[in-house]
Amino acid sequence: MASLKGRDYIETQDLSGEEIELLLNKTTELKAAYHRGEPTLELPNQTAFLLFFDKSTRTRNAFEAGMTQLGGHAHFLDADVTQISHGETPADTAKILGSMGHGVCVRHDLVLGEGNRYMRDLAAATDVPIINMQCDVDHPTQTLADLQTMRERFGENLAGLKIAVSWAYAPSYAKPLSVPQGLITLMTRFGMHVSLAHPPEYSLIDRTVEAARANAAESGGSFEIVDDMDAAFADADIIYPKSWGAYDLMLARQDATTQAEIDENQRTCLDVNDKYKDWICDDRRMKLAKDSAIYMHCLPADRGAEVTDSVIDGPQSVVFQEAENRLHTAKAIMACTMRERPFA
Ligand code: CP
């Protein structure tokens, strides 16, 4: 029988199908108990450290509220106000936090080539689980909630369904690549037909594209990349359009060290986005999908740019169910991976 006790949760690709099912079953169980008003004190007196290198609404609150509901405490840490900002190494940080609590959850998502490596370095230095609250490669707590939401709508067997994962225009900021990368790698494991659409500048990391191709071949699904939002939407069952930053510019962030260089990189990203203002999810495009199609977005959405109000607030939208599922999946991941001391 699968067990994830003591395991890290950094990419869904690190888990077997059986382990993902374990997390989904736990999610369903915890969600039902939550709605019945029953306590689920599975991690009494345990501490999860939440370390953020980027902003958050859903993820932070899912983990904080979730840990309280599991009987433990979530301790919020902003990387800027810790000694990380003075250069403390990931190994030293992991050893300290790991000696004081039971899990370390991290968001480090804005620079390609950094966040995932940081989490792997933490994981190598501590026995407590490292949980990825979004990195440059994957957003595995989001995509697990997305999978849960799809199953609640379509049933357990998602094979044969078409999902359109599309880039969409946003003027607010250059968003990480990890949501589309996480979606194409996870959904191709379930026999789904995954159509990824983006303008030429918005490629994803090669290894995630290669994983999506391999997963689709193994599951009996399919994976394609197109440069046309309409083509991805055609006859789709699930519509998931969102913005992300241009690949070369997100990679160049590794070399931006001063605030002026970071600001300049951000402005350049938004200038490139401005070339594609017509990449919006609107009523015309929703009509290209099946009548039964659902609209999903991890949120926050740039209303009027990524999506019209009529779509995101319309009858096909499941975004608030999807957001609530962040709570239940966060609880499931912590409950399944964290454990009491002494460690076996
Ligand atoms: N979807 C998501 O991760 O939301 P936050 O950035 O608000 O955590």
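All of the numbers you see were taken from the coordinates with simple rules; none came from a lab. For clarity, every value in this text was computed on a predicted model and none was experimentally measured. Here the Cβ positions follow ideal geometry from the backbone for every residue, glycine too, while neighbour counts run over all protein chains shown.
Report the residue, chosen from Ser317, Ser172, Ser195, that carries the largest GNM mean-square fluctuation when the chain is represented by alpha-carbon nodes joined by springs under 10 Å. The residue with the greatest mean-square fluctuation here is Ser172.
Note on the chain: Lys pairs 8 or more places apart or on different chains, Cα atoms under 13 Å apart, count 6. Whole-Hz Karplus values for the range 100-107 come out as 10, x, 10, x, 10, 10, 9, 10 Hz, taken residue by residue from phi with 6.51 cos²θ - 1.76 cosθ + 1.60 and θ = phi - 60°; glycine and proline positions read x. Computed from phi, the 3J(HN,Hα) profile of the range 118-133 under the Karplus parametrisation 6.51, -1.76, 1.60 (θ = phi - 60°) reads 4, 5, 5, 5, 4, 4, 6, 10, 9, 8, 7, x, 9, 10, 7, 8 Hz, with x in place of Gly and Pro.
Per q in 0.14, 0.15 Å⁻¹, report the Debye log10 I(q)/I(0) for the chain, using one uniform scatterer on each alpha carbon and no solvent. Each listed q maps to, in turn, -1.15, -1.31. Think of each Lys and Arg Cβ as +1 and each Asp and Glu Cβ as -1; about the Cα centre, that makes the dipole of the chain roughly 860 debye. Rounded to the nearest Hz, the phi-derived 3J(HN,Hα) couplings of the range 84-92 under the Karplus curve 6.51 cos²θ - 1.76 cosθ + 1.60 (θ = phi - 60°) are 4, 5, 9, x, 4, 6, x, 5, 5, where x marks glycine and proline. Centre-to-centre separation between the Cα atoms of the range 213-244 and those of the range 247-319: 17 Å. Considering helices alone, the calculated mean residue ellipticity of the chain at 222 nm is -13000 deg cm²/dmol, with DSSP H runs of length four and up weighted by -39500 (n - 2.57) and normalised per residue. Put simply, when 137-143, 126-132 are sorted by average Cβ atoms within 10 angstrom per residue, most first, you get 137-143, 126-132.
Per-residue packing, averaged as other Cβ atoms within 10 Å, sorts the ranges 271-284, 235-248 into the order 235-248, 271-284, beginning with the highest.
Note on the chain: with a GNM built from Cα contacts shorter than 10 Å, the maximum mean-square fluctuation among Pro39, Pro171, Pro199 falls on Pro39.
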